[in-house]
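Reading through the structure tokens given below for one structure.
The values are calculated or read from the model by the stated rules, or taken from the named source; none is laboratory data. Note that this is a predicted model, so its numbers are computed, not measured. In this analysis, Cβ positions are derived from the backbone assuming ideal geometry, glycine residues included, and neighbour counts consider all displayed protein chains.
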Amino acid sequence: MRGVTNTNYIIRYLVLLLLGMMTQASQAQQHTLTIQVVDSTLIPVGHATIRINKREMLVDSSGTYTAGFSRGNYRIYITAVGHNPAVQEIFLRSDSNLRFILHPRESLLTSVFVSAYSNVRRNQMSAQRLSITQIKKLPVILGEIDPLKTITLLPGVKNGGEASAGLYIRGGGPDQNLVLLDGIPVYNPNHLLGFFSIFNGDAIRNIEVIKGGIPAEFGGRLSSVIDVNSREGDKDSFHLSGGIGLISSRLAVEGPLSKGKSSYLISARRTYIDQVAKLVAKDSLGDNGYYFYDVNAKLDFQLNKKNALAFTFYLGKDDFSFVDDDEDGPDRRFNAIWGNTILGLTWKQQLSYKLRQELSVVRNDFDLDSRMIYGTTTYIYASGLTDYAAKNDWVYTANRWLKAKAGWQYTWHNFRPGAGSSTAGLQDFKSNIEDRHAHEAAAYVSADLNITPAINLVAGLRYSYFNQVGPTSFVVYDADGSPTGETEQYGKGQSIGSYHYPEPRFSLLYKLSPQSSIKLSYTRTVQYLHLATTSAATFPGDLWVPSGRKIKPAQAEQVAAGYACDWHDGAWELNVEAYYKTMSNQIEFKPGARLLLNQNLEGEMVFGKGTAYGLEVFFQKKTGRLTGWIGYTLSRTERTFPDLNKGKTFPYRYDRTHDASLVLNYKLSRKWDIASVFVYGTGNALTMPTGRFAYSLGFNRNERTPIFTNINQYEQVNDYRMPAYHRFDLAFTFTPRPDSKKRFKSSWNFGVYNAYNRYNPYFIYIDVDEDLQTIKGKKVFLFPIVPSVTWNFKF
Amino acid sequence: MKTVLLKRKWMWLAVCLAAVGCERDFEIDLNDGQPQLIVEAYINNEMPLYNYVVLSRSKDFYESGLQNVAVTGAMVTITEGMRMPDNTYQWDGATTVQMKEGRLQQLNNSSLPGFYFDQRLATDSINALMGKPGKSYKLDIEADGKKYSAITELLIPVAIDSLTLGNYYLDKNEDTVYRKARITVHYKDPDTIGNTQLYYWRHWENRNSFGWGALGTNRYTPGTDDLINGQYVDLTLSNGFVIGDTVNYFMSSVERKVYNFWDSFNKARSNGGPFATPVSLQSTISGENVVGCFSGFSLSGKTISIK
């Protein structure tokens, strides 16, 4: 492979560079200074700025900064947007740990809003972080806090429409986002067809989206990293918190296991939509029900100064049942239970002031069990996947000019594409789609270089490997979709499809002034797993399919350029970015393709490529009584498939020319907060019929009436536009006793979703009524104006 | 087919959710496509009246009227032949039958524009066109100066061993209550994989109707032996039959391409809702701007009294 030779040179260059810097760094006798920056609730403040004498650095996302200093006097000055600065002078004579507590400026000024870090000085472009406190203030449908919904208010991050689960980031598909919960990939981050995400607001600390310039430590998905960090429990005292909402309630307990050293946090929630709906419409709902619950647990142990353990657990289940056993016609029953189980253990170790490492082991599982009865026909269908993974990351801070990272990851994938059977009376149809297995591995190195005080370069190389292996067998089909009667057998460990690619990543930051910078990045990403889905919603039955013989890994390349500036001490910030992205081996399904229990899934797929480009503007005000942001994206996303649209390029379904959001938060008084969201987006691109005809004709001889079925005729793919989507939401937060010194604290959240009652279509269709002989366009919308109220408490 | 049902079960979930939502009329502006010639052609081995060709034209979506726009005066022929081992065909010109529009006594002398029959049905119905299992048939059409053609093969029919009744239930409507039974069909699937079947029946509701479109059929029953190759099959359809009725039940063995067409037809007809993808028919007719299928049906039939 030619790419490999090129990357060899890059590796050699990087290694030489690293060696040179390391020898330089290890000369003077030095002491380790570890600084931890936390807020008044002891939650780490990531990306705060530290000035030590005249050197300026950023703390990492966990609020920690470690470096070596020679014996002497130091003045440490720490700033973070929305917090009061902290300053301390020390005389360093041995290895030292310092903890800085930054008090939020809220107590002085008014509301603290957006993140504490400055985008101007951070060499990570196309990234936005939202903290849970910000997310909690914004209005949401039915009062359900949802980090995944809130990030769609950021430029470049789009949802698929009303109540759509998928996130479409810079033109990528919904399966191209690496959704991480404490570093563990989540395969199906949604409940209930995407109405809610699995991330419970009580258990989450923050969420970060990286849309471009993806660092080398992340891989496996093409378009973005959505990094969700769960909250640590309070290491000092016990707390109980929770909320009671219209459709769900939450409860969280946290506290120290060993005071100051270890903590636990367990939070749970359950919906009672079904119970609420039954109160409203008991007759029409009957025995049908739907609920979900989830439990998050986090345990943290500070073993000693240098070692810490963190344990993350998530369990969520959705349960849906539908029963129609009225005597008018055949019985219809349906029951499905699905959900994720995630387990992860991470060991963090600070080996020296220069070197730290993290080692994680993970088990990740998604399962669906369903059963359906229709008259004499029964379907039983189960699918899922299980991952076992290990990952190891090393960070070496050589000196103020160089920080190096290296690491590896390995995942053993086990896919259960569909154990299932159907019966038609006595007849059994057993599908024999065997489990699939795959090795996925990657190793990376990256160097973060301050070439001059104004120029920072992060150069990384990730090398990824994927191998789908036996034991498994494939039923061989011919081009017509007819089985040939042959089966391809693969023995245990025998390779079915093996791929490996280099993934170079570069980002460059050039500080024009202390308040402004320009950034450039290049990212190449490879994705070995594809989500097989034919619809706009995400279904629990959607399958993750590994690359293999016919399915090739998808690849993407993205270049992005941006400008960032801030003023008034970082209170105002402007980010402008442009990107261009190409994607290969994109998968679509043939119209009407059958996904479940299909032995010939590959035969239903078509392969093509995609292009996306756009301009994003993000302007935000971070402090003061009024905070918020304006996000705007001008973009275009296209797909080209030889077997679709006669090979002509067509707009992606979620191509959105204009996408804008306005988020405002205003502190009315010490007791009242008001937040509003306005969103506007160009409508989705749809394929609509261009004509119709009658088929399957018959004739009633007595009544002399024709019998027929209307069939639609389609030509161009996605050449119809849905009407633009726009909506305005409002939320009020009322804190009855903001200054109360009592342990018990509570607040009320009142929301109005879709305040001006716009009928944004969920879907549109054309109703052809063969009896009435009429043709009518219809739109179905889900949410008119929806009020909500939630009561939150903590003690 | 199975897909439709499986997809539909998730739709119920959405429907329940959409209980809060509403529906409104909404003007949808559509582009007009190229007009297509629509071909519906059949050849079978049992019912000579059911060997016919219907030609019609597609229309713009909002054009008035839902019925087919007949294409009349076309030149339509069907020729018998054999498929050779090398997958070429030898056509026997002597067997060419010209299909014509005209009134038939069997159809109450009704005028059926766009329906083309072998006119021997009117005069000499014993010698009218009839499909022979094992033979191939070529359809040629010349309409409005353009030529179209299609080939279908009549497979060796798979015999029905027996039909049995069971799974009784009460079917209640607004003012009627029927006790109904379901039919189970018993047959041996041939050892070779790739057999596909469609099911049709005639019962009291359609006894006085004519045409394949008027017969009863089940859109949801799996019709391939992909998962049951070579087995002895006992297949129960969900459809109910009224007690006291007599049902003529047909199992039609079809080529894969014909099965694929009717499978796409079943998907296309049930298309709608939030999760629907636009489905085009898997046409088997060659030519420009043409859609349709020449369906060779190898029938094996049985009659059963519903008790």
Filter pass, B:LYS302 being out of contact with any Gly (no Cβ under 9 Å at 6 or more places or on another chain) and not assigned by TED's automatic domain parsing to the domain that holds B:THR184: yes
Total residues in segment A:362-373, condition crowded, with 21+ Cβ neighbours inside 10 Å and not hydrophobic (A, V, I, L, M, F, W, C): 2
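The rows are residues; the columns are (1) within 22 Å of A:PRO215 (Cβ to Cβ); (2) outside any strand (DSSP E or B); (3) within 14 Å of another protein chain (Cβ to nearest Cβ).
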| position | (1), (2), (3) |
| --- | --- |
| A:ALA390 | yes, no, no |
| A:ALA404 | yes, no, no |
| A:PHE415 | no, no, no |
| A:SER422 | no, no, yes |
Where B:GLY216 falls short, out of the listed (1) facing chain A (nearest Cβ under 8 Å); (2) free of Cβ contacts under 8 Å to residues at least 40 places away in the same chain; (3) closer than 23 Å to A:ASN710 by Cβ; (4) not hydrophobic (A, V, I, L, M, F, W, C): (1)
Test: residue in segment A:654-672 that is in contact with a His (Cβ under 8 Å, 6 or more places away or on another chain), more than 9 Å from every other protein chain (Cβ to nearest Cβ) and not small (Gly, Ala, Ser): no
B:TYR169 in a strand (DSSP E or B), closer than 30 Å to B:SER136 by Cα and among the aromatic types (Phe, Trp, Tyr): no
Residue that is nearest to the other protein chains (Cβ to nearest Cβ) [pool: residues in segment B:152-173 that are touching a Ser or Thr at 6+ places or on another chain (Cβ under 6 Å) and surrounded by 15 or more Cβ atoms within 10 Å (Cβ to Cβ)]: B:ASN167
Within segment A:744-795, strands (runs of 3 or more DSSP E) holding 2 or more residues that are within 11 Å of another protein chain (Cβ to nearest Cβ): A:763-769, A:774-781
Among residues of segment A:482-503, those that are buried (at least 19 other Cβ atoms within 10 Å of the Cβ) and farther than 15 Å from A:HIS437 by Cα, counted: 4
Which listed residue, of B:LEU139, B:LEU129, is part of a loop (DSSP other than H, G, I, E, B) and farther than 26 Å from B:THR221 by Cβ: B:LEU129
Residues satisfying the stated conditions in segment A:513-527, i.e. among the charged types (D, E, K, R) and either out of contact with any Lys or Arg (no Cβ under 8 Å at 6 or more places or on another chain) or farther than 25 Å from A:TYR501 by Cβ (or both): A:LYS519
Failed item, numbered, when B:VAL97 is tested on (1) over 23 Å from A:PRO689 (Cα atoms); (2) of a type outside the set (D, E, K, R); (3) more than 24 Å from the chain's Cα centre (by Cα): (3)
Qualifying residue in segment A:66-78 (condition: within 21 Å of A:TRP567 (Cα to Cα) and either touching a residue at least 24 places away in the same chain (Cβ under 8 Å) or not hydrophobic (A, V, I, L, M, F, W, C) (or both)): yes
Per-region count, segment B:184-210, residues in contact (Cβ under 8 Å) with a residue 60 or more places away in the chain and at the interface with chain A (Cβ under 9 Å from one of its Cβ atoms): 3
Of residues in segment B:45-70 being surrounded by fewer than 21 Cβ atoms within 10 Å (Cβ to Cβ) and of a type in the set (S, T, N, Q), the one farthest from the other protein chains (Cβ to nearest Cβ): B:SER64
Flag if A:GLY384 is at positive phi, assigned to a strand (DSSP E or B) and either touching a residue at least 24 places away in the same chain (Cβ under 8 Å) or hydrophobic (A, V, I, L, M, F, W, C) (or both): yes
Options A:THR633, A:THR611, A:THR640: the member that is farther than 30 Å from A:ALA564 by Cα, away from chain B (no Cβ under 14 Å) and of a type outside the set (D, E, K, R): A:THR640
Qualifying residue in segment A:432-439 (condition: surrounded by fewer than 21 Cβ atoms within 10 Å (Cβ to Cβ), under 27 Å from the mean Cα position of the chain (by Cα) and touching a residue at least 40 places away in the same chain (Cβ under 8 Å)): no
Residue match in segment B:71-79 (condition: in contact with a strand residue (DSSP E or B) (Cβ under 6 Å, 6 or more places away or on another chain), facing chain A (nearest Cβ under 7 Å) and either within 19 Å of B:ASP124 (Cβ to Cβ) or surrounded by 19 or more Cβ atoms within 10 Å (Cβ to Cβ) (or both)): no
Subset of segment A:609-661 (residues that are charged (D, E, K, R) and outside any strand (DSSP E or B)): A:LYS622, A:ARG625, A:ASP643, A:LYS646, A:LYS648, A:ARG653, A:ASP655, A:ARG656
Selected residue (only one of A:ALA454, A:ALA406, A:ALA459 is among the small types (Gly, Ala, Ser), surrounded by fewer than 19 Cβ atoms within 10 Å (Cβ to Cβ), within 30 Å of A:LEU355 (Cβ to Cβ) and in contact (Cβ under 8 Å) with a residue 40 or more places away in the chain): A:ALA454
Qualifying residue in segment B:263-271 (condition: at positive phi, within 13 Å of another protein chain (Cβ to nearest Cβ) and either surrounded by 22 or more Cβ atoms within 10 Å (Cβ to Cβ) or assigned to a loop (DSSP other than H, G, I, E, B) (or both)): no
Selected residue (criterion: farthest from A:ALA404 (Cα to Cα)) from residues of segment A:349-376 that are hydroxyl-bearing (Ser, Thr, Tyr) and under 29 Å from the mean Cα position of the chain (by Cα): A:SER370
Residue check, A:PRO689 crowded, with 21+ Cβ neighbours inside 10 Å, touching a residue at least 40 places away in the same chain (Cβ under 8 Å) and facing chain B (nearest Cβ under 9 Å): yes
Some residue of segment A:710-717 being at pLDDT 95 or above, more than 30 Å from A:VAL752 (Cβ to Cβ) and not in a loop (DSSP other than H, G, I, E, B): no
Residue selected from segment B:249-262 under the condition touching a residue at least 24 places away in the same chain (Cβ under 8 Å), more than 10 Å from B:GLY223 (Cβ to Cβ) and in a helix (DSSP H, G or I), by the criterion nearest to the other protein chains (Cβ to nearest Cβ): B:ARG256
Unmet criterion (only one of (1) under 18 Å from A:LYS211 (Cα atoms); (2) in a loop (DSSP other than H, G, I, E, B); (3) of a type in the set (D, E, K, R)) for A:ASP569: (1)
